[in-house]
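Report on the structure given below.
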Amino acid sequence: MRIRLPAWTATLTWKSACFIVVMCCSLAAVVGALVHVEVTRQTVATARDKALGKLHDASRAYEAGEALPPASGLDPAELPASLRALALSGHRGTVVADYEGRPVMWAAAPADGRALATAVDYGQSARTISGLDNAIIGSSVLAIGGTLLVGAFAVTRVTRRLHQTATVARRITQGDLDARVGDARTKDPSRHQDEVATVAAALDTMAGSLQAKLLSEQRFTADVAHELRTPLTGLQAASELLPESRATQLVQERVRTMRGLTEDLLEISRLDSGSEVVETDLHQLGRLARRVVRASGAEAQTEVVVLRDAHVETDRRRLERVLGNLVANAHKHGRGPVVVTVDGPVVTVRDHGDGYPAYLVAHGPQRFRSGGKGHGLGLTIAVGQAEVIGARLEFGAAEGGGAVAILTLPEPPPAVP
């Protein structure tokens, strides 16, 4: 079973801190080991030379029949067995061993078939090596801590800028095309840009280009709709003067469709421009839903169920537009019966057709893209008007088949006593 680590372990700061600690520990271990080995070698060599010098003096005193120096003697009982065997084999040697609870450097040489040995205090040398090891460990800990703090500060500065860039990117994704990173390094041409500044500048450039293109498209849509409005109005008036016939009905139907499409395009352009003004008042949601169904002309095929009525503070005209488009879409693209359910501030519109297309459920409605007949503008307008009044509109599949649209309205603030 794979162990799932906490989310914070995936951050760049955490990974950088781990890398810094591992590298510092490795470097400290290598340098500390090298220093320890070299100092120990020199300390042991110094103690060995001192012990061999004292052994030389003891050998001269033994040959001259004089008294041996202190801590010297023939076959002392404390002499390590390995060094005694070496001396009896006719060789000189040294070894570090404990003597009376303290470390000493023993030196021994052959003397008439016996072992002449002497001892030199090795305690100071051992304390020197131990103190050096402690100093290496302490300095390594301080160096690792200092490096980690400096590294964390440097990495945090970079990650903070990356988080800012990511935040701006999310704002752009949510529709805030005015959002910009505005990295200070990109504003001063004399400063060298790092990789984060390059990404920030590219994101700002992309946002500016995207905003310009969208504004151009919005202006084009609005201009086309305005230009079509006048001739279509005249064409509709002229079609009313034609003699009654099947051809006249077809012409009038097509003109009404074109005029409705033009009005939808104008409404979308107003929503895109963000110039809509909301006029709120307190309304009873169940009564408003019934009025929308009556106005749709499909009251007989639409059932209104009020589980829990509620009063909502909203723009009635825009809310009716949202619910009207949802009901019309359910009848046009789905199958009956269509059920409108009011449950507090939540209104659900459900049909029993084939359901919404997968792209619509995943990404929301898209203008001029529809799973069947139509232009996809009705649901696009519904989503836009819902955003204007602060509501949330979601699309999904109903249990047992069919499409369901869920409109969640903001609840009114509690009354002040």
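The values are calculated or read from the model by the stated rules, or taken from the named source; none is laboratory data. Just so you know, these numbers come straight off a predicted model, no measurement behind them. Quick reminder, even Gly has a Cβ in these numbers, built from the backbone with ideal geometry, and neighbours come from all protein chains shown. Calculation scope for accessible area: heavy atoms of the full protein, side chains included, ligands and nucleic acids excluded. Shrake-Rupley method; radii C 1.70, N 1.55, O 1.52, S 1.80 Å.
The angle between the Cα long axis of helix 123-173 and the longest principal axis of the Cα atoms of the chain comes to about 10 degrees, rounded to the nearest 10.
Each Cα pair under 8 Å and six or more residues apart adds its separation to the average, and for the chain the resulting relative contact order is 9 percent. Among Gly32, Gly101, Gly73, the largest mean-square fluctuation in a Gaussian network model of the chain, built with springs joining Cα atoms closer than 10 Å, belongs to Gly101.
Computed 3J(HN,Hα) for region 24-35, one whole-Hz value per residue from the Karplus formula 6.51 cos²θ - 1.76 cosθ + 1.60 where θ = phi - 60°, is 5, 5, 5, 5, 5, 5, 5, 5, x, 5, 5, 5, glycine and proline marked x.
Rounded to the nearest Hz, the phi-derived 3J(HN,Hα) couplings of region 344-354 under the Karplus curve 6.51 cos²θ - 1.76 cosθ + 1.60 (θ = phi - 60°) are x, x, 10, 10, 10, 10, 10, 10, 10, x, 7, where x marks glycine and proline. Residues Glu303, Glu263 ordered from highest to lowest accessible area at a 1.4 Å probe: Glu303, Glu263. For the chain, the longest principal axis of the C-alpha atoms and the axis of helix 246-273 are separated by about 40°. Multiplying the residue separation of Met23 and Val306 by 0.36 nm and subtracting their alpha-carbon distance yields 95.2 nm. The listed residues Val388, Val340, Val30 rank as Val30, Val388, Val340 when sorted by accessible area, largest first, using a 1.4 Å probe. Ordered by solvent-accessible area of protein heavy atoms (1.4 Å probe), largest first, the residues Asp204, Asp351 come out as Asp204, Asp351. In the chain, taking the dipole from charged Cβ atoms about the Cα centre, the farthest positive-side position among Pro345, Leu409, Leu214 is held by Leu214.
The GNM of the chain, with springs linking C-alpha atoms under 10 angstrom apart, assigns the highest mean-square fluctuation among Val224, Val293, Val31 to Val31.
Does region 86-243 classify as rounded, prolate or oblate by the C-alpha gyration tensor (a ≥ b ≥ c root eigenvalues; a/c under 1.5 gives rounded; else a/b over b/c gives prolate, otherwise oblate)? Taking the square roots of the gyration eigenvalues as a ≥ b ≥ c, region 86-243 is prolate. Principal axis analysis of the Cα atoms in the chain yields extents of 153, 56, 51 Å, listed in decreasing size.
Taking all protein chains as they are arranged and a probe of 1.4 Å, the heavy atoms of Thr167 leave approximately 60 Å² accessible to solvent.
Highest GNM mean-square fluctuation among Gly334, Gly123, Gly208, for the chain modelled with Cα contacts below 10 Å: Gly123.
Applying 1/(1 + (r/R0)^6) with r as the Cβ-Cβ distance of Ala298 and Asp188 and R0 = 60 angstrom yields a FRET efficiency of 0.40. Rounded to the nearest 10 degrees, the angle from helix 377-388 to the longest Cα principal axis of the chain is 60 degrees. Dividing the alpha-carbon radius of gyration of region 48-113 by the rule-of-thumb value 2.2 N^0.38 Å gives 1.04. Per the Kirkwood formula applied to alpha carbons, region 24-161 shows a radius of gyration over Rh ratio, Rg over Rh, of 1.30.
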